[in-house]
Each structure stands twice: as structure tokens, then as C-alpha cells.
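Chemist: Sharing a structure here in C-alpha cells format.
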Amino acid sequence: SVLVYMLFNSSPNLFLSHKIGLLSGLFLTTGSIAFFYSAGRVGNVLILIVIAACSPLVASLLSAIYDQEKLGYLKRVGAALAVIGIVLLNVIK
């Protein structure tokens, strides 16, 4: 849909004005392709899906580090359980 919008928009500097959006779309597409490629090679997709589902954990930890956001008790317990779950999935096959 973004490409269709860009094709039909008459602005000559459209690509330059949306550089960040295009780069993020490129990285998202590359990451998705790499994820599915590695899922096909590994064979057990369950572990990859659980790791991908923990992406809010990374965002929460980065916001605690850079934005000094306070992590409450439940967030810390949830983060610890998520990490323990990923470790157990990799250990117990």
C-alpha cells in the first residue's frame, strides 16, 4: 500500500521525505525474511515464535535503560518468567 501511495503521489521529493519510513520497512522486511528462512532451517518453529513474541520484553528493558522508566514488580516478574521460559524451551527438547 505504501508503494501504491508513492506511485500515485505527485510530490517529486517523496522518497527523500519518507526516508525513515522506507528504511524501517526495509529492515522489517529483511528481518521477516530472515525469520522465516531460519524457521525453515531449524525445523522447530516453536522456539523462534516464542523468542519473537518476547519483543515487548526488549522494548521494556530498553525504555528502562534509556528513558529511566520504572519497571514495576509485575513487569520484572514477567520478564524473568519470559527469559526462564526461553531457556527451558532451548534446554528441554
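The values are calculated or read from the model by the stated rules, or taken from the named source; none is laboratory data. These figures come from a predicted structure and were not determined experimentally. The protein model used for the area step is the full one, side chains on, heavy atoms only, and it has no ligands, DNA or RNA in it. Shrake-Rupley method; radii C 1.70, N 1.55, O 1.52, S 1.80 Å.
Chemist: Provide the solvent-accessible area of V83, counting protein heavy atoms only and rolling a 1.4 Å probe, rounded to the nearest 10 Å².
Modeler: 80
Chemist: Something else now. For S38, what accessible area in Å² do you get when you roll a 1.4 Å probe over the heavy atoms of the protein chains, rounding to the nearest 10?
Modeler: Approximately 40 Å² for this residue.
Chemist: Sort I47, I92 by heavy-atom solvent-accessible area, probe 1.4 angstrom, most to least.
Modeler: I92, I47
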